[in-house]
Amino acid sequence: MASAPRVGDVAPDFALEGTEGSFRLSDHRGQRIVLLFYPGDETAVCTKQFCSYRDHADDMSALDAVVVGISHQDVGSHEAFSAHHGLTVPLLADVDREVAKAYGASAPLLGTRRAAFVIDEDGIVRHRVVHRLGLDFQSADDLAEALDALAARA
């Protein structure tokens, strides 16, 4: 298994199905991407996390980035979770956890670790946070700070 990408590394490409159809990372070259790995639909912290993005939809729109959530549940589970809470971030199904493994966001027992990656327009990882316990998450403000720092380097 390849090691997880670090800041400055090329982001591993992947293709997954999700609540808004197919998503291939390389199709979004030229755009900034935020990947939000999370342990599970309808769990307490994950629900709080994605509802916070919904509640701060204007802040999320202002990020000028494509934002997606990724966990190991299937698309049907993601659709139910999204509909139940009126979520605004598309959710991708990494059922075999291969994408989580490629990004170092896979853990025994837990499945998918909570993590956030910011990828620049050239496909380079510019921000990486992998939470040990997953009891907190990157807020809309945290994501804005990471993206603002990226813009400052350009």
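Numerical summary
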| item | result |
| --- | --- |
| The chain: most fluctuating residue of A44, A15, A57 per GNM, C-alpha cutoff 10 Å | A44 |
| Size of electric dipole in the chain: Cβ of Lys, Arg +1 and of Asp, Glu -1, about Cα centre, debye, nearest 20 | 540 |
| Protein accessible area in the chain, 1.4 Å probe - carbon and sulfur % | 49 |
| Protection proxy ranking, peptides 117-124, 16-23, average beta carbon neighbours within 10 Å, highest first | 117-124, 16-23 |
| Average accessible area per residue (Å²) across the chain - probe 1.4 Å, nucleic acids and ligands excluded | 49 |
| Amide proton proximity set for T88, modelled H, under 5 Å, gap of 5+ | R54 |
| Residue-averaged [θ]222 nm for the chain, counting only DSSP H segments that reach four residues, each worth -39500 (n - 2.57) | -9000 deg cm²/dmol |
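The values are calculated or read from the model by the stated rules, or taken from the named source; none is laboratory data. Values in this document were obtained by computation on a predicted structure and should not be read as measured data. Using ideal geometry, Cβ is built from the backbone for each residue, glycine included, and neighbour counts are taken over all protein chains shown. When the accessible area is computed, the model is the full protein with side chains, heavy atoms only, and any ligands, DNA or RNA have been set aside. Shrake-Rupley method; radii C 1.70, N 1.55, O 1.52, S 1.80 Å.
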